[in-house]
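I have placed the structure first, in the form of structure tokens, so that the comments after it can refer back to it.
The values are calculated or read from the model by the stated rules, or taken from the named source; none is laboratory data. The shown structure was predicted, so the numbers you read here are calculated from the model rather than taken from an experiment. Every residue, glycine among them, receives a Cβ derived from its backbone with ideal geometry; neighbour counts consider all protein chains shown.
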Amino acid sequence: MLDLSPGCETTNFQSLETFFQSPRMLQDILSSIEGLPMEDLLRIKNHLNHLIAKEDKKSLGKRKYRRAKTRLSGSLEIEREKEFYDQTHKVDIIEMSINSLVLASSTTIIEGDLLQVLFRHPTTGEKKIIDCQAERVQESGEASALVYQTVAKIVGKETIQKYRDMLKKRGQF
């Protein structure tokens, strides 16, 4: 018997997956709740909504918000490279949220790098510039064609300024 009471937190979703694969079992569940009063049905609905929200929150991991899948091309400037030469690299923005980006580029990106991503808004054509810091970098592909998939957290101008100040002061006593 499946316990859907609000206090029940021990529902095993692996067993539910196999539980609902049988059409007969699903019909039995639906027929058993048909005769319940509206108050009990609302309680079951609230509990199911709570379980769904809990699983949805778990799937986000450490993130607070979902990322939207995108297909944007842009350019990338790496702050540590600006000291030696001014170069932009091609980048593809794969996912975006209000506080992070997922980028793919053939340029070597190191965790902790400060990045400046430039792209055009797809509907208005407005140029957008986002300052971010590489959090996780994952290499994929062969040695001749490495692609770095980077998760970058959006940072403020003060973080960029602190980094530039640190570069200026390095080597001084």
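Just a few scattered comments:
- Which listed residue is of a type in the set (Val, Ile, Thr) and in a strand (DSSP E or B), from 129, 160: 129
- Helices (runs of 4 or more DSSP H) completely within segment 8-89 that count 2 or more residues being out of contact with any strand residue (DSSP E or B) (no Cβ under 9 Å at 6 or more places or on another chain), closer than 26 Å to residue 102 by Cβ and at pLDDT below 80: 38-60
- Meets criteria (surrounded by 14 or more Cβ atoms within 10 Å (Cβ to Cβ), within 14 Å of residue 155 (Cα to Cα) and acidic (Asp, Glu)) for residue 92: no
- Restricting segment 102-137 to residues that are under 22 Å from residue 161 (Cα atoms) and among the small types (Gly, Ala, Ser), the residue that is modelled with the highest pLDDT is 134.
- Tally of residues being of a type in the set (Ser, Thr, Tyr) and part of a strand (DSSP E or B) across segment 90-109: 2
- Condition check for residue 160: free of Cβ contacts under 8 Å to residues at least 24 places away in the same chain and in contact with a Leu (Cβ under 7 Å, 6 or more places away or on another chain): no
- Residues (farther than 19 Å from residue 92 by Cα and surrounded by fewer than 10 Cβ atoms within 10 Å (Cβ to Cβ)) located in segment 145-167: 156, 157, 158, 166
- Matching residues in segment 101-133 - criterion: being under 18 Å from residue 158 (Cβ atoms) and among the small types (Gly, Ala, Ser): 112
- Evaluated against (1) within 22 Å of the chain's Cα centre (by Cα); (2) over 17 Å from residue 90 (Cα atoms); (3) of a type in the set (Lys, Arg), residue 170 falls short on exactly one condition, (1).
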